[in-house]
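Since every read-out is calculated from the coordinates, none of them should be taken as a lab result. Please read these numbers as outputs of a predicted model, since none were measured by experiment. All Cβ positions, even for glycine, are placed from backbone atoms using ideal geometry, and neighbour counts span all protein chains on display.
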Amino acid sequence: MPRKKRSVLTDLIERASELGRLKKGWNSYSAPAPTSTAIGNAKTLLTLASHADIIPERIEPSAMGGVGVTFTAGSREVTVEFYNAGNAHALFSNSETEALDTMPVALSVEGYKSFLQQVRRYLYGQNATAQAP
Amino acid sequence: MAKTQPPRHPDQNFRDVERLFRRVHRDNMKPDGKASFLAFELPDMSVNREEFSTAEDARQGFRPEDWGVVSIRVRDMPPRESLPQINHSYRFRARHVPEVGNFAHSEVRVWRENGAVVLLITTRQTEDFLATDPDRDSPRTGPESLDPDFHMRWRKRLEWKCQPELRPSDEAA
């Protein structure tokens, strides 16, 4: 794995681990702390995304309880929200057209791979080797 | 500090142009100063209403280096969310819910509608509502009634509509 990609992946995984130290009410309101389940699921996706050459832009805690991983290309964005309950849902959005779509994400290696293929198609079209600038 | 002398009782009249302020941690802020939709929650999302407070009030007592404030105008809050293939829909409304030391505190509440059946989605029990709260005796259901298909879309629309008021590290006014 190229050093730069490994570094980005390491940074994102470290950031995911840091989110595990948040306490209930971390958002100054009443947000639940992200659970180890939600963080572990996010880390698995980060690793598989890196292998698939799709690097997320950010990982952040969710006020709904869990963590969110966001992929971006231009006006298009895909965010998968890993909930504390152990499920995950993705939002596909285009800020230019304000089009929105959602889908559940299956929490298995095959499920993640299928999801990442959809992310790639949504963000980069049919150019399978394209990557965000 | 309150902008105006607050009345004794909650005021459930929200003007369309009124702003609702929400404090956001820098981890949930985008470079343009808007909040990521992950900063928004349902049900019972806490905000401070402009009628009785300022954006600075929402950040009072919190480190400006780490916290920002965004606003949503009442008219910009998506009032309803529905999907054609699903029977039920969701309705949203701001409620003034004063707290001790924060008269401006308000909440964005959500109802699930299925024909004539309308249920307030909340984690609260009856005794958790103020005696004057108009929703105190409403039929209720829990947050499990909130489908991600709906709340993710609604929260994303809020992200697009919200405006930066105070960015982290901005000097407090």
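The residue that is nearest to residue A:14 (Cα to Cα), counting only those in the stretch A:86-100 that are within 9 Å of chain B (Cβ to nearest Cβ) and free of Cβ contacts under 8 Å to residues at least 12 places away in the same chain, is A:100. Give the residue that is farthest from residue B:104 (Cα to Cα), with candidates limited to residues of the stretch B:53-75 that are in a helix (DSSP H, G or I) and small (Gly, Ala, Ser). In this case the residue turns out to be B:55.
Of the listed requirements (1) in contact (Cβ under 8 Å) with a residue 12 or more places away in the chain; (2) within 12 Å of chain B (Cβ to nearest Cβ), residue A:39 misses just one: (2). In summary, residue B:128 fulfils each of the numbered conditions (1) touching a residue at least 12 places away in the same chain (Cβ under 8 Å); (2) within 14 Å of chain A (Cβ to nearest Cβ) with the single exception of condition (1).
Among the residues that make up the stretch A:108-118, is at least one of them in a helix (DSSP H, G or I) and touching a Phe, Trp or Tyr at 6+ places or on another chain (Cβ under 7 Å)? Spell out the reasoning first.
Let us first name the residues in the stretch A:108-118 that are in a helix (DSSP H, G or I), namely A:109-118.
Then keep just the ones that are touching a Phe, Trp or Tyr at 6+ places or on another chain (Cβ under 7 Å); that gives none.
The answer is no; no qualifying residue exists.
The requirement of being at the interface with another protein chain (Cβ under 9 Å from one of its Cβ atoms), in contact with a helix residue (DSSP H, G or I) (Cβ under 9 Å, 6 or more places away or on another chain), of a type in the set (Phe, Trp, Tyr) and in contact (Cβ under 8 Å) with a residue 24 or more places away in the chain is satisfied by residue B:37.
Return a yes/no flag: does the stretch A:50-70 have any residue that is among the acidic types (Asp, Glu), touching a His at 6+ places or on another chain (Cβ under 7 Å) and either under 27 Å from residue B:81 (Cα atoms) or within 12 Å of another protein chain (Cβ to nearest Cβ) (or both). Quick ask: steps written out before the conclusion?
So in the stretch A:50-70, the residues among the acidic types (Asp, Glu) come out as A:53, A:57, A:60.
Subsequent filtering for residues that are touching a His at 6+ places or on another chain (Cβ under 7 Å) retains none.
Checked against the condition, which is being among the acidic types (Asp, Glu), touching a His at 6+ places or on another chain (Cβ under 7 Å) and either under 27 Å from residue B:81 (Cα atoms) or within 12 Å of another protein chain (Cβ to nearest Cβ) (or both), the stretch A:50-70 yields no hits at all.
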